Every structure is written in structure tokens, then in C-alpha cells.
Amino acid sequence: MAKFSVIIPAAGKSERFGGAEKKTFAKLDGRPIFLRTLEHFISRPDVCQTILAVSPEDSATMKTSYGANLGFMGVKLVEGGARRCDTVAAALKIVSNDAEYVAIHDAARPCVSVDMIDAVFAEAVKSGAAILGAPLVGTIKRVAAGSRVVEQTVDRAGLYEAQTPQVFRKDIIIEAYAKLGDAGEDITDDAQAVERAGHAVAVVPSDASNLKITTKGDLTLAAAIIKSRPVKAAPRMGAFEEAQW
């Protein structure tokens, strides 16, 4: 069985979420978003390591309020950087030698399903680099910069919205980040770094239920998605779980 190290970047500023609380810590059906996301990976037999990468300003809160939970779950905590690429680069430095593949999954995507993870993991083993992606289904308009005028109706054929997990053979993602250097300012996902390094990336079709929580309104939709799925027992988070929530 191939072994995967899973990196969960959670160092974003949550500027579009609004309010004093970062979306990482916001409750989704009673549990913090980041814990719900971690639950998808910590009990998988093919995952040998899970890394949570948080901003330096959240590190103390995470250790104080959730350190017991993360320790019980076997999750490693690392401090990220100002940019997503800096955060992932910091996590890559502590990837286990036992891992053959690295999966990177947004902390704000708690609705990913087991089937989605299984499919993208399997494709990465075959091709070396794979991501989940949802085909665009709406009519796409390109709008002129700085205005509200439509410049073009874009043909949506072959267009996908990139999602996570994004999964890569370990040497491929490490090489891609080494080549990236300081040029990561415009990198919006990890597949882009791999593409720039010259590696093909396969897309595994997904759907809109694997949404990324961006605004508070997304919490209602995410809760509905979670409740629509088969009920399973939540993993225990440790002796202090009730106190932490």
C-alpha cells in the first residue's frame, strides 16, 4: 500500500470570512472546521502522517486550545508563512521519510468525501500528480478590468475549477517547490507549481459539494452537505475534547 503524508494549510488571513474569528476556528455543526477536515485523513490506513500548517499568530491558540486534540490525533503542527507557497514549503520540510506521496488539502474544505479522496489518491499513484476538479457548468463571462462590461463569453468546454486534495509523488512536489524559489507570489494552488516544473497533472472529476468555505454563508451549505451524507461515528479527539469546543 502506498503511503501518503497529508498537509493541511490553515495559515490564511480569512479576510473574506468576516468577523473577529478566523474561519479555521469557526464551528461547523458543532466542531471547528479544521478538525472536521482533519477527520477525513487521520484514520486512513494509507496516511502515515498528517501536518497542520497554521499562521504564527494562531500557533499559540492552536497549542493552548487544541494541543491535546492534535496530540491524540497524531497531527504535527508547523508554522506557515505569509503566502500559501511559504506555508506549504514549511510543511514539506517535515514530511516523513516513510511517505511516498504528499497530499495537500485546504483546511477550509471539510466536505470532501471518502470516494473523492480514494479516487485522487489512486490517480496520483498511477500518474504521479493528480488533483480533484469540478467541471464548470455555468455560462462564463470575461469582464474588462476595472469595469462591469463583458468582454467575452468564454467557452467552458474543458474548463475545471481546481479543488483539493492535490496529490503528488513526493519527489515531484519537492522538486517543484525547489524550482519555484521566490517566484511563488502568483501561485494559487500547488498543481500550478508542479505544472511550472514541467510535470503533467491529471484531473479527477469532482463536484461542487467539495466546496471551500470562504464566507459565513458557506457554513450553512457545508452543514447541509455533511448532513446529507451517511452518518458515521466521529473520531474521538482526546480526553479534553469537550473543554476544547
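Here, each number is a calculation from the coordinates, and none is a lab measurement. None of the values given here were measured: they were computed from a predicted structure. Ideal geometry is used to build each Cβ from the backbone, glycine not excepted, and the neighbour counts take in all protein chains shown.
Just a few scattered comments:
- Of E195, E151, E57, the one that fluctuates the most in a GNM where the chain has Cα springs shorter than 10 Å: E151
- In this Cβ point-charge picture (+1 for Lys and Arg, -1 for Asp and Glu), the chain has a dipole of about 480 debye about its Cα centre.
- Modelled this way, with points 7 Å down the Cα-to-C-beta line, the labels at K216 and A2 are 4.2 nm from one another.
- Listed by chain and number, the lysines placed with their C-alpha closer than 16 angstrom to that of K170 are K3, K93, K126, K179; residues fewer than eight positions away on the same chain are left out.
- The simple spin-label model puts a point 7 Å past each Cα toward its Cβ; for S65 and A157 those points are separated by 5.0 nm.
- Spin-label pair A223/R142, simplified geometry with 7 Å Cα→Cβ offset, distance in nm: 4.1
- Choice from R229, R109, R142 showing the highest fluctuation, given a GNM over the chain with Cα pairs closer than 10 Å: R142
- Under 19 Å from the Cα of K212 - lysines, other chains or at least 8 residues apart: K13, K22, K23, K27, K227
- Loop sites in the stretch 37-134: chymotrypsin sites (Phe, Trp or Tyr not before Pro), DSSP, at most 13 other Cβ within 10 Å: none
- Listed values (1) 20.3, 62; (2) 18.0, 57; (3) 19.3, 65, entry calculated as Rg and Dmax of the Cα atoms in Å: (2)
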